[in-house]
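Undergrad: This is the structure I have questions about; it appears just below.
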Amino acid sequence: MKYIFFKIFIVTLTVTIFSCSPEDGEDGVNGTDGVNGTESTGAGYLIISGDITNEEATALAAETAGKNTHTLLIKNTTNITSLELPEISTLVKLEVIGNKNLQRLSLPNLNATYESISINTNPELKTIDMPILEAVYNRISINNNETLESIDIPNLRSCPGGFLINGNDALVNITFTNLNSTGAILINTAPLLENLSLPVVVTIGNIGILGTPLLQSLNFPSLISIERLRLNSLENLLTVDLNTVESISDLDIGRNEQLTTVNLQALRTAREISIFDNLSLASINLSSLTTMGDQNDTNFDEDDGLYIANNTNLTTINLTSLVSTRGIRIDNNTNLTSLNTDAVISPGFISIRSNPSLAEVSFPIATNVSGVFIGENETLANLVFLNVTECEDRISISENPALTSIDFTKLTTSGGIGISENPILTSINFNALVNNDGFLSVSDNPNLQVASFPGLTVSTGNFSISGNAALTAATFPVLTTIGNDTRSNLTVSNNPLMTDLDFSSLTTLDMGLSISRNSALTSISFPLLTTIGNENSLRFIIEDNGLITNISLPNLATVNNINTIGIDENLVETINFDRLTTFSTLNVDSTVLITSLALSSLQDFMRLDLNTPGRLSTAAIDGILTRLVSITPAINEKSIFIRGVASAQAQTQAETLRTNGNTVTITE
């Protein structure tokens, strides 16, 4: 056999078993079929490589392989075309790599491999024969074997490390007839694969299938549990029928152009389900699904839960048993008409956007939600959240052309509310809302007539009632506090029919104030408001409300970081800032005579600009100048501009102010 050692490299670790007798055995006595009590049971490592031939490799294996052979390496051979190794029954590791002409590999008696099997980059390999292999305790890798047509290991029952099958261009069939469980099946780039059959598999850790354009179906009739299933870009996949699966952690089905049906009718629990960009998909059956994700886990994002998007032909989603989930995102499904969520109690985040055929969104027994985003659903007419009491994040409902009403009858707490651009919306119901920890915006809803929040006491974010053409009333009768420390405003603007603006209990506005272009509004009153502004530079503007005659903030004492209080109202006659002590600039413009401007508590300012076209009455001028000369210590370096007829007393007081170093200009 010397010639073999010139042609191959072989490492032999021979295990010798010694007799337990004090003396050596003879001719098998005290031994086993050996001589003098010893037996040679094969090399530990068997490495076949180089230009060895079929016959030489067979002879070498017959001579050196045995039950102690734990590692078989067949690597980089150039002449072997067929190799059968009946001597080997168990291995730790099997590697068959880079064999230029190997066409057939047979291990007819291999029963188990305790680590891995790697069969990679054998360009002529067509047949792998391991008929009695039952267990591989690590991974099986079968990669880049260009002519391999079939993988069939009929008696394999367990492979905890999983399968990696990649780049086998001629592969048509994969069958593991008796496989019961495996850690993973990862298949990539098998352009001719038509069939994947695992008839008795019960548990799989991870299934990932990519680059198999001819695969039409999956045959897993006994499968119950999957950790992760990914089916992406399978051009001819027609159905996903996994009707025995009860549990999935992550499901990802996307960009399968011919897929028409997803049936997971037995599925009860999942963490994340994503079904997207399947242009032919018509129905999704998740009728037994009850729970998605851990509701107590705070480490999640909006991708957790159920995500169904961009499935052009999808008409029906069956969620009849779903009770709780981390989130529901149903977006951009052009033909979706039916979404059954009647059993949902805890839906998590809800996003339903751009589903032009969906007429109703109903969560009739849901009690708490993480957030609600409903937008651009062209035929959505009914929106039902009758029993929701709490929303941790914001509620945003926008651009739903057919929506007529929004009803959150029992909602007490929210993280923000935005209602905008719903063209035929006529009513909203937030009657039970007490605390809004975020923004509140009702804007550009041209048919909404009333925005009433009768129980709201606190709202912390930006606040806007704007652009509602039919709105007659915006009422917040028990609201006491608005704002936070951000650069935001209470804005009421462009509501041309508004006649009733009620902030009668508001005491603290921790932001700016802007009220403008509400052409039917005749008065503005904040009777209990004491503070406006925060540490940021903000606005205080009341302007272009065509019918305003009276502005009353009688208890306003403090404005923080507001450069200018600007009032520009053509018809305003009376202004009450009776408790206001300090400001930078007050600028008032009116086209009619201002008969009263109460500043009786004023202590400090930089500029008082009352050079209004309509003038101040003599009595109003007297009241202002009387207050200014009574301030102690005496003010100086102030700028005061007044238009109107001043009394003799006022002229004298103006001169006193000038003497103290102030600029005072009174024009008629």
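The values are calculated or read from the model by the stated rules, or taken from the named source; none is laboratory data. Quick caveat: nothing in here was measured; it's all calculated off a predicted structure. When we count neighbours, we look across all protein chains shown, and the Cβ atoms used for this are built from the backbone with ideal geometry, even at glycine. What goes into the accessible areas is simple: the full protein's heavy atoms, side chains included, and nothing from ligands, DNA or RNA. Shrake-Rupley method; radii C 1.70, N 1.55, O 1.52, S 1.80 Å.
Undergrad: Calculate, in nm to one decimal, what S233 and N484 gain on full extension: separation in residues at 0.36 nm each, minus their alpha carbon distance.
TA: Here the answer is 85.6 nm.
Undergrad: Evaluate the charge dipole of the chain about its Cα centre and quote only its size in Debye, nearest 20, assuming +1 on the Cβ of each Lys and Arg and -1 on the Cβ of each Asp and Glu.
TA: That gives a dipole near 1520 debye.
Undergrad: With every protein chain left in place and a probe of 1.4 Å, what is the accessible surface of E84, to the nearest 10 Å²?
TA: 80
Undergrad: If amide H atoms are built 1.01 Å from N in the plane of the peptide, which residues on other chains or at least 5 residues away come under 5 Å of the amide H of L547?
TA: Amide H neighbours of L547: L521.
Undergrad: Taking the 0 to 90 degree range and rounding to the nearest ten, how far is the long axis of helix 618-630 tilted relative to the main principal axis of the chain, both from C-alpha atoms?
TA: Rounded to the nearest ten degrees, it is 70.
Undergrad: Hey, what do the phi angles of region 537-549 turn into as Karplus ³J(HN,Hα) couplings, whole Hz, using 6.51/-1.76/1.60 and θ = phi - 60°, x for Gly and Pro?
TA: Result, rounded to whole Hz: 6, 10, 10, 9, 9, 10, 8, 6, 9, x, 10, 5, 10.
Undergrad: May I pose another question? L425: net charge of surrounding residues, Cβ under 12 Å, Lys/Arg +1, Asp/Glu -1, itself excluded?
TA: -4
Undergrad: Ranked by accessible surface with a 1.4 Å probe, highest first, in what order do K638, K410, K93, K100 come?
TA: K100, K410, K93, K638
Undergrad: Determine the shape class of region 430-492: with a ≥ b ≥ c the square roots of the Cα gyration tensor eigenvalues, call it rounded for a/c under 1.5, and otherwise prolate if a/b is greater than b/c, oblate otherwise.
TA: Note, shape of region 430-492 comes out oblate.
Undergrad: Rounded to the nearest 0.05, what FRET efficiency is calculated for T404 and T632 with R0 set to 51 Å and r the Cβ-Cβ distance?
TA: After rounding, the FRET efficiency stands at 0.25.
Undergrad: What relative contact order, as a whole-number percentage, does the chain give when Cα pairs under 8 Å and 6 or more residues apart are counted?
TA: RCO, the chain: 3 percent.
Undergrad: Rounded if a/c is under 1.5, else prolate if a/b is larger than b/c, else oblate: which is region 478-524, with a ≥ b ≥ c the root eigenvalues of its Cα gyration tensor?
TA: Since a/c reaches 1.5 but b/c is at least a/b, the shape of region 478-524 is classed as oblate.
Undergrad: I'd like to check one number: the per residue accessible area of region 551-605, probe 1.4 Å, reported in Å² as a whole number.
TA: 36
Undergrad: What does the net charge come to around L279 if you take all other residues with beta carbon closer than 12 Å to its beta carbon, with K and R at +1 and D and E at -1?
TA: Summing Lys/Arg as +1 and Asp/Glu as -1 gives -2.
Undergrad: Let me ask something else about it. Would you work out which of S197, Q265, N155 lies farthest towards the positive end of the dipole of region 149-298, given +1 charges on the beta-carbon of Lys and Arg and -1 on that of Asp and Glu, about the Cα centre?
TA: Checked the options; the winner is N155.
Undergrad: Angle, helix 648-659 long axis vs. longest principal axis of the chain, Cα atoms, 0 to 90°, nearest 10?
TA: That works out to roughly 50 degrees.
Undergrad: So what's the back-of-envelope 222 nm ellipticity for the chain, counting only DSSP H runs of four-plus at -39500 (n - 2.57) apiece and dividing by all residues, rounded to 500?
TA: -2000 deg cm²/dmol
Undergrad: Another question about this same structure. Which value, in debye to the nearest 20, describes the size of the charge dipole of region 143-236 about its Cα centre when Lys and Arg Cβ atoms bear +1, Asp and Glu Cβ atoms bear -1, and nothing else is charged?
TA: 380
Undergrad: Suppose each label sits 7 Å from its Cα in the direction of the beta carbon; what would the T413-R268 distance come out to in nanometres?
TA: Calculated label separation equals 3.2 nm.
Undergrad: Find out how many positive minus negative residues lie around N168, taking Lys and Arg as positive, Asp and Glu as negative, among other residues whose Cβ is under 9 Å from that of N168.
TA: -3
Undergrad: Quick one: if the Förster radius is 60 Å, what FRET efficiency do T260 and D578 give, using the C-beta to C-beta distance and rounding to 0.05?
TA: 0.25
Undergrad: Within straight cross-link reach of K410, meaning Cα distance under 13 Å, which aspartates and glutamates are found once same-chain residues fewer than 8 apart are removed?
TA: E390
Undergrad: Order 314-321, 630-637, 649-656 from most to least packed using the mean count of other Cβ atoms within 10 Å.
TA: Final packing ranking: 314-321, 649-656, 630-637.
Undergrad: Can you compute the FRET efficiency between K93 and D129 using 1/(1 + (r/R0)^6), with r the Cβ-Cβ distance and R0 = 22 Å? Round to the nearest 0.05.
TA: 0.70
Undergrad: Which angle from 0 to 90°, rounded to the nearest 10, does the C-alpha axis of helix 54-64 make with the longest principal axis of the chain?
TA: Helix 54-64 sits at roughly 80 degrees to that axis.
Undergrad: Note the full-extension length gain between D252 and E535 as 0.36 nm times their separation in residues minus their Cα-Cα distance, in nm to one decimal.
TA: Between D252 and E535, full extension yields 97.1 nm more.
Undergrad: While we're here: Percent relative contact order of region 224-344, based on C-alpha pairs within less than 8 angstrom and at least six residues apart?
TA: Over region 224-344, the number comes to 20 percent.
Undergrad: Can you send over the solvent-accessible area of D578, 1.4 Å probe, protein chains only, in Å² to the nearest 10?
TA: Answer for D578: close to 50 Å² accessible.
Undergrad: Give the shape of region 87-238 as rounded, prolate or oblate, defined through the alpha-carbon gyration tensor: a ≥ b ≥ c are the square roots of its eigenvalues, a/c under 1.5 means rounded, and otherwise the shape is prolate if a/b is larger than b/c and oblate if not.
TA: Note, shape of region 87-238 comes out oblate.
Undergrad: Restricting to Cα pairs below 8 Å that are 6+ residues apart, what does the relative contact order work out to for region 407-484? Please round to a whole percent.
TA: Relative contact order, region 407-484: 29 percent.
Undergrad: Also: Give the residue from G305, G533, I74 lying farthest towards the positive end of the charge dipole for the chain; charges sit on Cβ (+1 for Lys and Arg, -1 for Asp and Glu) and the dipole is referred to the Cα centre.
TA: Selected residue: G533.
Undergrad: Ranked from the most accessible area to the least, with a 1.4 Å probe and all protein chains present, what is the order of V588, V434, V384?
TA: V434, V384, V588
Undergrad: Say the dipole of region 388-531 comes from +1 at the beta carbon of Lys and Arg and -1 at that of Asp and Glu; which of T404, S523, S414 then lies farthest toward its positive end?
TA: The listed residue farthest towards the positive side: S523.
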